[in-house]
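What follows is a single structure, written as structure tokens, with notes after it.
We did not get these values from a lab; they are worked out from the coordinates using the rules stated. All of these numbers come straight from a predicted model, not from anything done at the bench. Heads up, the Cβs are rebuilt from the backbone with ideal geometry, glycines too, and the neighbour counts pull from every protein chain shown.
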Amino acid sequence: MRGEALVTAAKPGAAAASLQGAVRDAFDGMAERLQAFRPQLLPREVGTVASVFTGIARVHGLPGVGFEELLLFPGGLSGIAFNLDEDGVDVVLLGDHAPLQAGQEVQRTGRVMDVAVGDALLGRVIDPLGRPLDGLGRVAASERLPIERPAPAIMDRAPVTEPLQTGLKVIDALIPIGRGQRELILGDRQTGKTSIAIDAIFNQRDTGVLCVYCAIGQRASAVAKAVARLREKGALAYTVVVVAEGNDAPGLAYIAPYAATSIAEHFMESGRDVLIVYDDLTHHARAYRELSLLLRRPPGREAFPGDIFYIHSRMLERATHLNGERGGGSMTALPIIETEAQNISAYIPTNLISITDGQIVLSPSLFALGVLPAVDVGPSVSRVGGKAQRAAYRAVASDLKLAYAQFEELETFARFGARLDDATRQSIAHGRRIRACLGQPELSPMSVPAQIAILLALNAALFDGVPLDRMAEAQRAVEDAAQAVPDELGARLAGVQALTDADREQITEAARQAIATFLADQEPGSIAHAAEPDREKASGPPLPGAAPAQR
Ligand code: ATP
Ligand code: MG
């Protein structure tokens, strides 16, 4: 600035320009030299293994090693440098520690852990290091990305506007998920958590949404079952499965969701929509706790390390909807958490609930009643999905939620054998039909028009005359009627526009006729049974509302 001012005083025009040119040249030279600069690694900086524990090793003699740098051990074993002390480095091993011995050589790589990404991974089952587990040979991916990357900046993000249909009525209508959202699935053991995620993946089959299923710390048989289901239904073709099994090193379980996120992120950054499922983060948190305790980091609440919130938030922050300038892709995350005795206020569940944009809570008592998927609508919520939900749903969802909530209250009350007035009995009968309609078998996703037709019929109380055990067939009749509506109405049902009153009337009428025809085809005995369908159930099985509510 001073030089420029002096020159301007002496000779305003040409001299100023030449000085500016000289400064620019100097800067260009510097930029070139900076680009050519590479940190000089010692030709072969080699350390030695001092001691080995389950999943970690202590290494001496690597003074220049960086935090989270990838280190190579003999026999193809790798590790990540974690604790950097003056007298040594603690390394998290990404594989079996058994063959490793004190005194063996450790080599620096000068880079952080990365993973193969790209379309070549679709249809493959790999471990977090990108090694194939499906026996189909090497994964021929040309690109690699670091497993840890900064989340997209705020200005690179766009609002969530597109729905991600799961094909499950209870979720699409009452807890809608948008593309770019993070929705937690939490429930006790064996309550159908994985099934919801697999259904969601299966329903992306003609939508162009790519999927990544990351299995962490599960039994090999459970993973094999999930993969077999995806393959059988043709869903593996657009899915990448990343697996760290229960008996793998804790280091592998720790990096698995990060590697899966980078794979999904690559798709998102190339402008595509991705759905990523982390099944489940409870196992991930446990693996990290195990590592932290071995690394002698101070334990905090429930013996988890202090940064357990941070390791999950920095991963889930990477799920977003990018704006048009960044390609407009999106990553929708469905992390899964296993609770114990429905305790959603334990440490890891509360962390994840506060990180995500909503949660789908599964109830073991509903599961025991045979209400599947066992979604407990009360504590389940989606904080951004409502904005992305198709307008046709919005018109029916609020009435449905209200009627269902009222029913749940009344049902608990009716269990005590109280004499009920007609209106209450009718509300309970209506509620039971809502519950029956919200149930759905596995791997049978329903199209948007069929869902809307059933929900409209429910709101108009058309199912109330149908015996409870015939609800599945009655629903199928309405589904068929929804397929048969004129094309332009079908397009409006599946589209983004709100339905007009006339549209709604037309669909409700079609459903009314379908149900009337269905009932007329029934034997006279079952119709008589339909008139008093709920009496025998009034003192029936234990009800979900009666379970101790622990929030
Ligand atoms: P885990 O805690 O072991 O991971 P999970 O919560 O993931 O279990 P799933 O494995 O998804 O539960 O499901 C448990 C069982 O319930 C499975 O046998 C599955 O077939 C069954 N199931 C889940 N959802 C449904 C459904 N909608 N209809 C019928 N059966 C279902
Ligand atoms: Mg599971």
- Note on the structure: Sorted by chain and number, the residues with a modelled amide H under 5 Å from that of THR332, at a separation of 5 or more or across chains, are GLY180, VAL274, LEU275, ILE276
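Add +1 for every Lys or Arg and -1 for every Asp or Glu among the other residues with Cβ under 11 Å from the Cβ of GLN497, and state the total. Working shown, then result.
Numbers: positive: ARG390, ARG492; negative: ASP503.
Every neighbour counted, the sum reads +1.
Restricting to the chain, compute how many DSSP beta bridges are antiparallel as a %, nearest 5.
Numbers: 36 of 64 bridges.
Once the DSSP bridges in the chain are tallied, antiparallel ones form about 55 percent.
Based only on other Cβ atoms within 10 Å, what is the fewest-to-most ordering of ASP87, ASP307, ASP357? Display every interim value, and only then the final one.
On the way: ASP87 8, ASP307 14, ASP357 20.
Ranking ASP87, ASP307, ASP357 by Cβ neighbours within 10 Å, fewest first, gives ASP87, ASP307, ASP357.
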- Pull up all non-local amide H partners of ASP114: gap of 5 or more, or a different chain, and H-to-H distance under 5 Å with H placed in the peptide plane. ILE147
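Given 0.36 nm per residue, what is the gain on full extension from GLN406 to ALA228 after removing their alpha carbon distance, in nm? Please report the intermediate quantities before stating the final value.
Details: separation 178, 0.36 × 178 = 64.08 nm, distance 4.05 nm.
Using 0.36 nm per residue and subtracting the Cα-Cα distance, I get 60.0 nm.
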- Return the whole-Å distance between the Cα centroid of the stretch 402-437 and the Cα centroid of the stretch 203-257. 40 Å
- Query: What's the center-to-center distance, using Cα atoms, between the stretch 448-517 and the stretch 328-349 in Å?
  - Reply: 33 Å
- Distance from a point 7 Å along Cα→Cβ of GLU302 to each backbone N in the stretch 324-351: keep the residues under 12 Å and list them by number. 337-351
- Item | Sequence-distant residues sharing a close amide H with THR166 (under 5 Å, placed H) | ASP172
- Applied in sequence order to the stretch 362-376, the curve 6.51 cos²θ - 1.76 cosθ + 1.60 (Karplus, θ = phi - 60°) yields integer Hz couplings, x standing for Gly and Pro, of 9, 10, x, 6, 5, 4, 5, 6, x, 7, 10, x, 7, 6, 8
- Item | Cut-off 18 Å, label 7 Å out along Cα→Cβ of ARG144, residues of the stretch 49-85 by amide N | 66-81
- Query: Between ALA461 and ASP422, what is the spin-label point distance in nm, taking each point 7 Å from the Cα along the Cα→C-beta axis?
  - Reply: 1.0 nm
- Sites LEU294 and ALA516 - FRET efficiency at Förster radius 51 Å, r taken between beta-carbons, to 0.05: 0.15
- Binning every alpha carbon pair distance of the stretch 233-330 at 5 Å from zero, what are the percents per bin? 3, 12, 20, 19, 17, 13, 8, 6, 3, 0
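Rg to Rh for the stretch 159-316: what is it, with Cα atoms only and Rh by Kirkwood? Display every interim value, and only then the final one.
On the way: Rg = 16.1 Å, Rh = 16.5 Å.
My calculation of the ratio gives 0.97.
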- Estimated dipole of the chain in Debye, rounded to 20 [Cβ of Lys and Arg +1, of Asp and Glu -1, Cα centre]: 760 debye
- Message: If N is the number of residues in the stretch 282-338, what value comes out of its Cα radius of gyration divided by 2.2 N^0.38 Å?
- Response: 1.49
- Message: In whole Hz and in residue order, list the ³J(HN,Hα) couplings for the stretch 399-407 that follow from phi through the Karplus curve 6.51 cos²θ - 1.76 cosθ + 1.60, θ = phi - 60°; x for Gly and Pro.
- Response: 4, 5, 4, 5, 4, 5, 5, 4, 4
- Message: Which of TYR404, TYR310, TYR254 has the fewest other C-beta atoms within 10 Å, and how do the rest follow up to the most?
- Response: TYR310, TYR404, TYR254
- Query: Is any residue of the stretch 239-262 close enough, with backbone N under 19 Å, to a label point placed 7 angstrom from the Cα of SER221 along the Cα-Cβ axis, and if so, which?
  - Reply: 244-248
- Query: Rounded to the nearest whole Å³, what is the per residue volume of the convex hull around the Cα atoms of the chain?
  - Reply: 218 Å³
- Hz values of 3J(HN,Hα) by residue in the stretch 76-92 - Karplus curve (6.51, -1.76, 1.60), Gly and Pro given as x: x, 6, 10, x, 10, 6, 10, 8, 9, 9, 5, 9, x, 10, 8, 10, 7
